[in-house]
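The values are calculated or read from the model by the stated rules, or taken from the named source; none is laboratory data. Just so you know, these numbers come straight off a predicted model, no measurement behind them. Here the Cβ positions follow ideal geometry from the backbone for every residue, glycine too, while neighbour counts run over all protein chains shown.
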Amino acid sequence: MRMASRDEVMAALAKVAGPDGKTPLPDSGAVSGLTVRDGKVFLAIVVNPAEAKAMEPMRARAEAAIKAVPGVTGAVVTLTAEAARAVSGAAPGPGHAHGGGQAQRGGRAAQPIAGVKHIIAVASGKGGVGKSTVACNLAVGLAKLGLKIGVLDADLFGPSMPKLFGLSAKPDVAPDSQKLVPLEAYGVKVMSIGFLIDEGAPVVWRGPMVMSALTQLLREVAWGDLDVLVVDMPPGTGDTQLTMAQNVPLSGAVIVSTPQDLALIDARRGIAMFKQVQVPLLGIVENMSYFLCPHCGGRTEVFSHAGAQREAEKLGVPFLGEVPLDIAIRVNSDEGRPVVAYLADSAHAGAFLEIARRVAETLETGAPGAKPAPRIRFL
Ligand code: ADP
């Protein structure tokens, strides 16, 4: 008798809505284990433990769909929850309005995205340190190195990629896949919530909405083949960031900091957050590191310079480089002209390119501390 294949099982599961009640199971990120052996199929679906009872009909539908596949002699579908990770402080219970419940389900959406080799987060402990500026120039720098690059603007609260890349069109929907087609500038594919909602529209994001919007931006976009997808995270280290860090299958994180001590304390929080969720740190970038005078070319150390470098050394995290504080960066960024492309011969462009080179190198050789497989507990 002909045995059922994995693909046939997945195709059958595509007709079953996942935990959110609409996304087909294979796309929901909830399928955590599928084994097909001698016509017997075992499948685990990761759900929020608090919703386990409500998920039972979905489990039964999945099981029935698999059993209906020709060549399947038996099917066992179980609901699982990832064992809660040791998140410092009281992790909010399931269903908490800030998405903290989802933070316990790190494996839920942390499945790789087909065609995307690496996803890296650019993060900062607080706002205004130039995180988005660095993310944009890092992405364009990586593209200049010949890599296929995308940028996902995950800063739903203050999307800045439309402005930084000078993009404002509404994305098309691909007729075949029904996925959003990212916009393109400077050789980089860009997707941002800013393309989809009107500027200034009062959007109040509640925890679960954040994750669902992020999942869509991540998975409902026709990224195509990418070497690196750069994710611009929202600033800070709250529940939302932690949930995102856990739910996006990250290869590593870049932390942006200014030299001031205060920012470094914030940066340390960012580092601690990624360590908690076992995402390797690709390194720290010191932005607004020193002032480069546009008139005389003189260099002034406005803040205690090299604080980030010292801090990186102390923490054993790679130091990726420093970017000067320069009006040209601000002015061109505001006009949608990333300096790494627009002022290609400038010292700033050199700094960003060097950072891009180091990130690419680390990704190639493997970031320190690869992510262990999540622990699964049966309900
Ligand atoms: P964040 O994403 O951390 O909130 P942004 O990237 O939006 O920060 O930067 C905040 C502001 O600082 C922007 O106006 C940006 O143009 C400016 N900026 C960022 N980096 C530099 C720099 N190295 N020199 C001058 N201005 C900068």
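Data for the structure
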item: Subset tally (residues that are farther than 16 Å from residue 78 by Cα, surrounded by fewer than 20 Cβ atoms within 10 Å (Cβ to Cβ), in contact (Cβ under 8 Å) with a residue 40 or more places away in the chain and not acidic (Asp, Glu)) for the range 12-22; result: 1
item: Pair list, Cβ < 7 Å and 6+ apart or interchain, from the range 349-361 residues that are assigned to a helix (DSSP H, G or I) to residues that are basic (Lys, Arg) and at pLDDT 95 or above; result: 353/144
item: Odd one out for residue 236 among (1) within 15 Å of the chain's Cα centre (by Cα); (2) within 22 Å of residue 138 (Cβ to Cβ); (3) assigned to a helix (DSSP H, G or I); result: (3)
item: Selection from the range 284-315 of residues that are more than 18 Å from residue 235 (Cβ to Cβ), surrounded by 15 or more Cβ atoms within 10 Å (Cβ to Cβ) and small (Gly, Ala, Ser); result: 289, 306, 307, 312
item: Total residues in the range 47-75, condition assigned to a strand (DSSP E or B) and either over 14 Å from residue 13 (Cβ atoms) or touching a His at 6+ places or on another chain (Cβ under 9 Å) (or both); result: 1
item: Unmet criterion (only one of (1) touching a residue at least 24 places away in the same chain (Cβ under 8 Å); (2) surrounded by fewer than 24 Cβ atoms within 10 Å (Cβ to Cβ); (3) out of contact with any strand residue (DSSP E or B) (no Cβ under 6 Å at 6 or more places or on another chain); (4) farther than 26 Å from residue 347 by Cβ) for residue 226; result: (3)
item: Residues located in the range 2-23, provided they are out of contact with any Pro (no Cβ under 9 Å at 6 or more places or on another chain), under 20 Å from residue 70 (Cβ atoms) and not acidic (Asp, Glu); result: 3, 5, 6, 9, 12
item: Which numbered condition residue 265 misses (of (1) closer than 30 Å to residue 115 by Cβ; (2) hydrophobic (A, V, I, L, M, F, W, C); (3) touching a Gly at 6+ places or on another chain (Cβ under 9 Å)); result: (1)
item: The range 278-299, subset in contact (Cβ under 8 Å) with a residue 40 or more places away in the chain and polar (S, T, N, Q), residue farthest from residue 120 (Cα to Cα); result: 287
